[in-house]
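K.L.:
Attaching a single structure in structure tokens format; questions to follow.
Laboratory data are not the source of any read-out in this text; all were calculated from the coordinates shown. This structure is a prediction, so every number in the text was calculated from the model and none was measured. Ideal geometry is used to build each Cβ from the backbone, glycine not excepted, and the neighbour counts take in all protein chains shown.
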Amino acid sequence: MAKISFVLNGKTVEFESDLNRRLLDVLRDDFNLTGPKEGCGEGECGACAVLMNHEIVNSCCTPLANVIGKSITTIEGFASTKRYVVIKDAFAKTGGVQCGFCTPGMIIATESLLNKNPHPTEYEIKIGLSGNLCRCTGYNLIVEAVKEAAKNGEGLW
Amino acid sequence: MVNAFVPKNLNHCLEILNDQNVRIVAGGTDILIQNRSHTSMLIGFKSDVVYIANLEELNKIYEDDEFIYIGSCVSLEKIIEETKVPKLLRDTILEMASPAIRHTGTLGGNIGNASPAGDSLVSLYVLDCELEIKSYNNTRRVMLIDFIQGVRKINLERNELITKIILPKAEFTNSYFKKVGPRLTDAISKLSFSGAYKVNKKVITDIRIAFGAVSKTIVRSKEIENRIIGLKIKDIAGMVNEIVSWYEPLIKPIDDQRSNKEYRKEVALNLLRDFLRNLEG
């Protein structure tokens, strides 16, 4: 057990924990943040995606020890931003959500992409989403959603 | 009970490596999956671990007149964004994994993992990569080609750490990387090919060719490269089949869940043909 501190959804958290834990388990079990989900558990599907220092990472293959001093944002924290509202509306409008299991990860991937590249080409969008799998295979609509978000959120990124 | 060490700085880390029997964890994107536990809420490490990802000394990229130095824990995504880094390596890393993995995965980790399908390795071999290895009492430099000794076998003592990836500066007329996988990104290679060359006054003055995932380690032959150096560009077109036949005995792939040996061999040699037919300058 060790004392650990990092920023979670904008607030500094400090607690005792074994450091040999996956960030995903800490978020879900200790903080009740169930937006990040365990899909494959091996970094292939992106359902567990969160932002670390504003870049997408897979929380299922991030050890808690590597999070010390970092800033972690889950979909719950991101949901309080203007950018989230633009992305959410774009997903709703284009039909980029079917069963919804991949959606938190897809939105995190969208934010990570647009934060670095506010005007991505279709190819860059596909690369940006390449670590997120949608089992309903609604990929085209999700790519449309990212385009729509980039257009409607002009100036936000 | 598995202990976790989080060193304050590089020296502290080397001290821990000297005194304890620990497994080194960088980004964790592969080692966490290799040690996944289905029965415990803890990662299933079998020995104590030391976490090195956030060590400042291992997160720098810099250069001098001769070399580019990449800290072993610089994230793959940061390497892509760094224009000092040779284009061949940046092109290669762009096809590795996904953005999420590249934000935490490291070059030191891909090397230490020493998988024959490790995507960065094939281009690092072409770039004549060296490594800086440190222990508490010693610093040494080793060529990557001598460091990797077999499938997941590396020349690293229990108390040593890969600290820097060192690339000699070289000018190429062109470089070429092709990865063959089931999809463009987020996939493990069936095989890969990397090449670079320099042409001066229509004569090949430098050529480097490497194949990934077609043998126990990356395949590169300086002996064959030396036979090509000195040839005129216009003569290569008529020699493609002959050069392919020189490489053919070195390509010894296996069957596994990702591909089979016939496919791997044929495609590897076809990529060599494509590379040779498109030399220009």
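K.L.:
Considering only DSSP beta bridges where both residues belong to the protein assembly as shown, give the percentage that are antiparallel (nearest 5). Can you show the working numbers first?
P.N.:
Numbers: 55 of 63 bridges.
Bridges in the protein assembly as shown are about 85 percent antiparallel.
K.L.:
Right, another one. Can you give the helix-only mean residue ellipticity at 222 nm for chain A, where every DSSP H stretch with n ≥ 4 adds -39500 (n - 2.57) and the sum goes over all residues, rounded to the nearest 500 deg cm²/dmol?
P.N.:
Estimated from H runs of four or more residues: -10000 deg cm²/dmol.
K.L.:
Related question: Between the range B:234-281 and the range A:29-83, how far is it from one alpha carbon centroid to the other, in angstrom?
P.N.:
42
K.L.:
For helix B:10-19, what angle does its Cα long axis make with the longest principal axis of chain B, in degrees from 0 to 90 and rounded to 10?
P.N.:
That works out to roughly 70 degrees.
K.L.:
Once the convex hull of the C-alpha atoms of the range B:1-116 is built, how many Å³ does it hold per residue, rounded to a whole number? Please list the in-between numbers first.
P.N.:
Details: hull volume 15.4 nm³, N = 116.
Taking the convex hull of the Cα positions in the range B:1-116, it is 133 Å³ per residue.
K.L.:
Return the whole-Å distance between the Cα centroid of the range B:124-150 and the Cα centroid of the range B:152-196.
P.N.:
13
K.L.:
Just counting partner chain Cβ atoms within 10 Å, what average do the residues of peptide A:122-134 show around their Cβ? Walk me through the numbers before you get to the answer.
P.N.:
Numbers: counts 0, 1, 0, 0, 2, 7, 2, 3, 9, 9, 4, 2, 0.
For this peptide, the per-residue mean of nearby foreign Cβ atoms is 3.
K.L.:
For B:VAL203 and B:GLU82, what does the FRET efficiency come to when R0 = 51 Å and r is the distance between their Cβ atoms, rounded to the nearest 0.05?
P.N.:
On the way: r = 32 Å, r/R0 = 0.63.
For B:VAL203 and B:GLU82, the calculated efficiency is 0.95.
K.L.:
A follow-up question, please. Taking N as the number of residues in chain B, what is its alpha-carbon radius of gyration divided by 2.2 N^0.38 Å?
P.N.:
On the way: Rg = 19.6 Å, N = 281, 2.2 N^0.38 = 18.7 Å.
Ratio of Cα Rg to 2.2 N^0.38 Å: 1.05.
K.L.:
Tell me the trypsin sites (Lys or Arg not before Pro) within the range B:14-59 that lie in a loop according to DSSP and have at most 11 other beta-carbon atoms within 10 Å. List each step's numbers first, then the result.
P.N.:
Details: sites: B:ARG23, B:ARG36, B:LYS46; in loops: B:ARG36, B:LYS46.
Answer by residue number: B:LYS46.
K.L.:
Please give, to one decimal in nm, the separation of the simple spin-label points placed at A:GLN98 and B:GLU262, each 7 Å out from Cα toward the Cβ.
P.N.:
My value for the distance between the label points is 3.6 nm.
K.L.:
Which whole-number value in Å³ per residue fits the convex hull of the alpha carbons of the range A:82-152? Before the final figure, lay out each step's value.
P.N.:
Numbers: hull volume 5.1 nm³, N = 71.
For the range A:82-152, the hull spanned by Cα atoms encloses 72 Å³ per residue.
K.L.:
Across peptide A:59-70, how many C-beta atoms of other chains are within 10 Å of each residue C-beta, on average? Working shown, then result.
P.N.:
Details: counts 1, 5, 13, 8, 12, 4, 12, 11, 2, 4, 1, 1.
Partner Cβ neighbours, averaged per residue: 6.
K.L.:
Calculate how large, on average over all directions, the projected area of the Cα convex hull of the range B:128-281 is; give the answer in nm² to one decimal.
P.N.:
Working: hull surface 42.2 nm².
Hull-based average projected area comes out at 10.6 nm².
K.L.:
A further question on this structure: Using a Förster distance of 25 Å, how high is the FRET efficiency between B:GLN20 and A:PHE15, based on the Cβ-Cβ distance and rounded to 0.05? Mind dumping the intermediate values first?
P.N.:
Numbers: r = 25 Å, r/R0 = 1.01.
Efficiency, rounded to the nearest 0.05: 0.50.
K.L.:
Please compute, for peptide B:100-111, the average count of beta-carbon atoms on other protein chains lying within 10 Å of each residue's beta-carbon. Intermediate values should be presented prior to the final figure.
P.N.:
Details: counts 21, 8, 4, 11, 10, 3, 0, 0, 0, 0, 0, 0.
If you average over the peptide's residues, the count of other-chain Cβ atoms is 5.
K.L.:
Okay, moving on. Could you work out the equivalent-ellipsoid semi-axes for the protein assembly as shown, taking the square root of 5 times each eigenvalue of the Cα gyration tensor, largest first, in whole Å?
P.N.:
Numbers: eigenvalues 287, 158, 74 Å².
Working through the eigenvalues yields semi-axes of 38, 28, 19 Å.
K.L.:
Further question: Compute the length gained on full extension between B:LYS252 and B:ARG140: take 0.36 nm times their separation in residues and subtract their Cα-Cα distance, giving the result in nm to one decimal.
P.N.:
Working: separation 112, 0.36 × 112 = 40.32 nm, distance 3.21 nm.
Separation in residues times 0.36 nm, less the Cα-Cα distance, equals 37.1 nm.
K.L.:
Right, something else. Are there any GluC sites (Glu not before Pro) in the range B:107-162 that are in a DSSP loop and have at most 13 other Cβ atoms within 10 Å? List them by number.
P.N.:
Values: sites: B:GLU130, B:GLU132, B:GLU157, B:GLU160; in loops: B:GLU157, B:GLU160.
Listed in order of number, the matching sites are B:GLU157.
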